[in-house]
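The values are calculated or read from the model by the stated rules, or taken from the named source; none is laboratory data. Here the structure is a predicted model, which is why all the values come from computation and not from measurement. Neighbour counts are summed over all protein chains in view; Cβ atoms, including those assigned to glycine, are modelled from backbone coordinates with ideal geometry.
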Amino acid sequence: MTVGASMAIFAAIRACVGPGDNAIIISPAYAIYANGVTMCGGEPRLVPLAEFRNGFCLDIDRVRAAIDGHTRMLMVNSPSNPTGWMATADEQRLLAALAEEHGLRILADEVYERITYQLPIAPSFARVVEDKERLIVANSFSKTYCMTGWRLGWAQSSAAVTRAMTTAVEFMTSNASAPVQRAGIVALRDGEAYVAELRAHLTARRDQAVDGLSAIDGVHVAAPSGGFFAFFTVDGVTDSASYALELLRATGVALAPGAAFGPGGEHYLRLCFASAEATIAASLDRLRTGLAKRSR
């Protein structure tokens, strides 16, 4: 199924979740998952990752406790926006076994699979889930090839599930345009050198952002394993939306409040480092000044 990744995600939710159902969402998570479940009449159940000093990890007991007889789907974004957490193959196997035990489908959003820092590509659920009826993988050209806005992505599943997804959205969307599809072919055929350059650039910007944030008093941040976001806390901040707005007005630096990604993100702020070195440097300088004034 060839559509934008966002539409693929919504198509999967609409095909599998209805009124009275619920879906488990590993969180903090981008709002598309919970909102999609709500729009389909279901209940989103946000299950937070476990926090530790070096980042995040899966808490399988929390996931298990959230499942009941009305659960239909388990949603996982890995590498994650906003946390930068990347599920290991062992964590994926645990989730796959849980889905099999309870008859759930896994919706794996893997759009950041090539934006990784320890591995050349993130582990994919497609390699650990044997029953493809129980797996839907959504992916996109937007992150790997910087084709945001081209609306070119895809969903992988069994033939039966793909037909159900197509039926769910056939009157809302159609295939990507022919020129965009041709661009995708070129990206797949000739894009590896560019991907290598992009990953090198983002690795440097990740280190710049994490080192710069870590040097600011009261800021706590772990280096993300994937994606291009630094998810960090500031001592004393409990209302991330108000604080992000305060910082924007004081420094001109736009940060996403952690609350936008569910209750598990409330005390966090998200900095996107997919930018130029000079832009990141100027942003860090402004944040350092702004935070110093606030702490006085």
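Table for the structure above
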| read-out | value |
| --- | --- |
| Any chance residue 67 is surrounded by 24 or more Cβ atoms within 10 Å (Cβ to Cβ), in the same structural domain as residue 107 (by TED's automatic domain parsing) and either touching a Lys or Arg at 6+ places or on another chain (Cβ under 6 Å) or at pLDDT 95 or above (or both) | no |
| Members of the range 146-161 that are touching a residue at least 40 places away in the same chain (Cβ under 8 Å) and surrounded by fewer than 18 Cβ atoms within 10 Å (Cβ to Cβ) | 146, 154 |
| Qualifying positions in the range 109-118 - modelled with pLDDT of 95 or more and either farther than 17 Å from residue 141 by Cβ or among the acidic types (Asp, Glu) (or both) | 109, 110, 113, 117 |
| Hey, residue 262 crowded, with 17+ Cβ neighbours inside 10 Å and more than 30 Å from residue 200 (Cβ to Cβ) or not | yes |
| Matching residues in the range 37-62 - criterion: being part of a helix (DSSP H, G or I) and surrounded by fewer than 20 Cβ atoms within 10 Å (Cβ to Cβ) | 38, 39, 60, 61, 62 |
| From the options 23, 34, 96, residue that is part of a helix (DSSP H, G or I), among the small types (Gly, Ala, Ser) and more than 20 Å from residue 258 (Cβ to Cβ) | 96 |
| In the range 277-296, the residues that are in contact (Cβ under 8 Å) with a residue 60 or more places away in the chain and either crowded, with 19+ Cβ neighbours inside 10 Å or not hydrophobic (A, V, I, L, M, F, W, C) (or both) | 277, 280, 284, 287, 288, 291, 295 |
| Test for residue 238: is it farther than 28 Å from residue 116 by Cβ, outside any helix (DSSP H, G or I) and β-branched (Val, Ile, Thr) | yes |
| Criterion (assigned by TED's automatic domain parsing to the domain that holds residue 290 and either over 19 Å from residue 283 (Cα atoms) or touching a Ser or Thr at 6+ places or on another chain (Cβ under 7 Å) (or both)) met by exactly one of 198, 202 | 198 |
| Matching residues in the range 212-235 - criterion: being assigned to a loop (DSSP other than H, G, I, E, B), surrounded by fewer than 21 Cβ atoms within 10 Å (Cβ to Cβ) and not small (Gly, Ala, Ser) | 216, 217, 235 |
| Any chance residue 119 is in contact with a helix residue (DSSP H, G or I) (Cβ under 7 Å, 6 or more places away or on another chain) and not assigned by TED's automatic domain parsing to the domain that holds residue 210 | no |
| Check on residue 229, more than 22 Å from residue 47 (Cα to Cα), at pLDDT 95 or above, of a type outside the set (D, E, K, R) and within 16 Å of the chain's Cα centre (by Cα) | no |
